[in-house]
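Visitor: First the structure, then my questions, so here it is.
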């Protein structure tokens, strides 16, 4: 995954006014940023299939511009709304830690090797080797355009939950990816639930 968008000077710039737009035209074009989101390839495809099924089921109620990028932002926005409603930082941290371990931890394989202590004495030592991705685990990279205010909201959340993260780092890109992957896990487990489809369409009508 590319380096996180996280910019430790962004909040300070906002406070000092250094990054304040000078006119409306600049404001319109400077208020959005691009992030690159890494997704397991088949989970990316599954999201596209979900969207096509949604369009088939609801027709014109689903805007033509609705694609997987919009779905990611919709899910991310839903999580931020849950935070606004008072979700506890400790609970959010638990959610992030579990997701980080499930989706972002490098796979390793334990291997016992013989090490020489001296010319006559040998000992066995257990080491971990990183397992290389095979074709079934290839990655899709998706570039999304998101309002800077929403990035800042996510960065503030990640800062607030850091004391509960036990050293596990989650970037804003990983946060967006994690929310999407949890959604896709639900689709994989339950199929294209009419209730989930109805919820997505209801969210789209608010955009």
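Visitor: So residue 186 ticks every box in (1) in a helix (DSSP H, G or I); (2) buried (at least 20 other Cβ atoms within 10 Å of the Cβ) but one. Which box is left unticked?
Guide: Result: residue 186 fails condition (2) only.
Visitor: Just the residues that are over 14 Å from residue 97 (Cβ atoms) and either surrounded by fewer than 16 Cβ atoms within 10 Å (Cβ to Cβ) or more than 20 Å from the chain's Cα centre (by Cα) (or both), please, taken from region 156-183.
Guide: 156, 159, 160, listed by residue number.
Visitor: Now for a different question. Can you tell which of 115, 98 is surrounded by 12 or more Cβ atoms within 10 Å (Cβ to Cβ) and either assigned to a helix (DSSP H, G or I) or at pLDDT below 70 (or both)?
Guide: Working: 115 fails: surrounded by 12 or more Cβ atoms within 10 Å (Cβ to Cβ).
Just a single option satisfies the conditions, and that option is 98.
Visitor: Taking region 189-206, which residues are in contact (Cβ under 8 Å) with a residue 24 or more places away in the chain, outside any helix (DSSP H, G or I) and farther than 21 Å from residue 42 by Cβ?
Guide: Listed by number, the list holds a single entry, 205.
Visitor: Looking at region 56-75, which of its residues are over 25 Å from residue 35 (Cα atoms) and free of Cβ contacts under 8 Å to residues at least 12 places away in the same chain?
Guide: The first filter runs over region 56-75 and keeps only residues over 25 Å from residue 35 (Cα atoms), leaving 56-61.
The answer is 56, 59, 60.
The values are calculated or read from the model by the stated rules, or taken from the named source; none is laboratory data. None of these values were measured; they are calculated from a predicted model. Positions of Cβ are backbone-derived with ideal geometry, glycine not excepted, and every protein chain shown enters the neighbour counts.
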